[in-house]
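The block underneath contains the structure these notes are about, expressed in structure tokens.
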Amino acid sequence: MKLFNKYEISDIKVNDPGLQRYVNLNPLIVPKTTGKFSNNRFWRSKYNIVERLMNKIMVAGHRGKKHKITSGHSTGKGVRVYNTVLKTFEIIEKKMNKNPVEVFVKALEHSAPREEITTIEYGGAKYPQAVEVAPQRRVDIALRQMVNGSYQKCFNKKVKIEQALADEIMKAYNIDQQSAAIAKKLELERQADSSR
């Protein structure tokens with residue numbers, strides 16, 4: 001069984017041991033399970049990783065707490081998102097001559113942050129404290145940063161979302177700092193390193 005009836009995913013391996021249980025690569029043709037168990041805690045790890053990308057695309061996020069980007073793209077049109085991801089993978093396959101799902105999974109591994117900061121209150125004063133990121137949150141942050149970064153690159157511009165998302169995934173695969181997800185990961189880890 002191939003994803004989108006095109007891409008073989010049975011031989012793709014996740015090398016990061018922390019993410020192996022949370023990046024689901026179960027074979028299916030159409031990555032759409034309609035969120036049957038979405039209310040159950042931790043169930044999203046059982047969804048295929050491409051379906052989780054599609055769900056993130058439906059909620060585009062915003063820039064600097066001004067909800068500019070959200071209103072136009074968050075229409076919940078599953079078919080539009082399906083076609084967006086399919087075209088994105090076709091662009092990646094054409095440019096890199098590799099399995100695009102494998103490129104996407106490797107990009108996800110590269111852009112998942114290992115540390116972040118939280119605030120602790122001690123004696124009435126607040127201090128930043130470095131903490132390790134839970135594996136499921138690592139995947140969530142990486143997916144969100146990829147999608148938000150690509151929407152910011154195509155918002156009010158002539159670039160299409162398929163092209164912007166493909167560029168974002170390829171840059172994250174190559175660990176290029178122009179990728180929004182890689183830049184955010186490095187920023188988070190730098191802040192955590194300075195607040196030990």
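Coordinate-derived values only; no laboratory data. Since we're looking at a predicted model, the values are computed, not measured. Because the Cβ atoms are built from the backbone with ideal geometry, glycine has one as well, and the counts that use them run over all protein chains shown.
Scalar couplings 3J(HN,Hα) for region 135-142, obtained by applying the Karplus form with A = 6.51, B = -1.76, C = 1.60 to θ = phi - 60°, are x, 5, 5, 4, 5, 4, 5, 4 Hz; x denotes Gly and Pro. Gaussian network model of the chain, Cα springs within a sub-10 Å range: biggest mean-square fluctuation belongs to which of Gly123, Gly78, Gly18? Most flexible of the set in this elastic network: Gly123. In order along region 92-101, the phi-based Karplus estimate (6.51 cos²θ - 1.76 cosθ + 1.60, θ = phi - 60°) of 3J(HN,Hα) comes to 4, 5, 5, 7, 10, 6, 10, 5, x, 5 Hz; Gly and Pro are listed as x.
How do 84-94, 6-16 rank on mean C-beta neighbours within 10 Å, highest first? Could the numbers behind the result be given before it?
Values: 84-94: 19.1, 6-16: 14.0.
Going by the mean number of other Cβ atoms within 10 Å, highest first, we get 84-94, 6-16.
Going by how many other beta carbons lie within 10 Å of each one, how would you line up Phe4, Phe42, fewest first? Mind showing how you got there, number by number?
Numbers: Phe4 18, Phe42 8.
Exposure proxy ranking, most exposed first: Phe42, Phe4.
How many percent of DSSP beta bridges within the chain run antiparallel, rounded to 5? Kindly include the intermediate steps, with their values, before the conclusion.
Values: 10 of 11 bridges.
DSSP beta bridges in the chain are roughly 90 percent antiparallel.
Dividing the summed helix terms, -39500 (n - 2.57) for each DSSP H run of n ≥ 4, by the number of residues in the chain produces a 222 nm estimate of -15000 deg cm²/dmol to the nearest 500. Rounded to whole numbers, the Karplus 3J(HN,Hα) couplings from phi for region 143-155 are 4, 4, 5, 4, 5, 4, x, 6, 5, 5, 6, 10, 6 Hz, using 6.51 cos²θ - 1.76 cosθ + 1.60 with θ = phi - 60°, and x at Gly and Pro.
Cross-link pairs exceeding 27 Å between alpha carbons, from the set Lys2/Lys185; Lys126/Lys171; Lys36/Lys153; Lys2/Lys158; Lys46/Lys160; Lys106/Lys160: Lys2/Lys185; Lys126/Lys171; Lys36/Lys153; Lys2/Lys158; Lys46/Lys160.
For Val133, the residues whose amide H sits under 5 Å from its own are Glu115, Glu116, ignoring neighbours fewer than 5 places away on the same chain, with H placed 1.01 Å from N.
List the equivalent ellipsoid semi-axes of the chain in whole Å, largest first, each obtained as the square root of 5λ for an eigenvalue λ of the Cα gyration tensor.
Working: eigenvalues 156, 78, 61 Å².
Its equivalent ellipsoid spans semi-axes of 28, 20, 17 Å.
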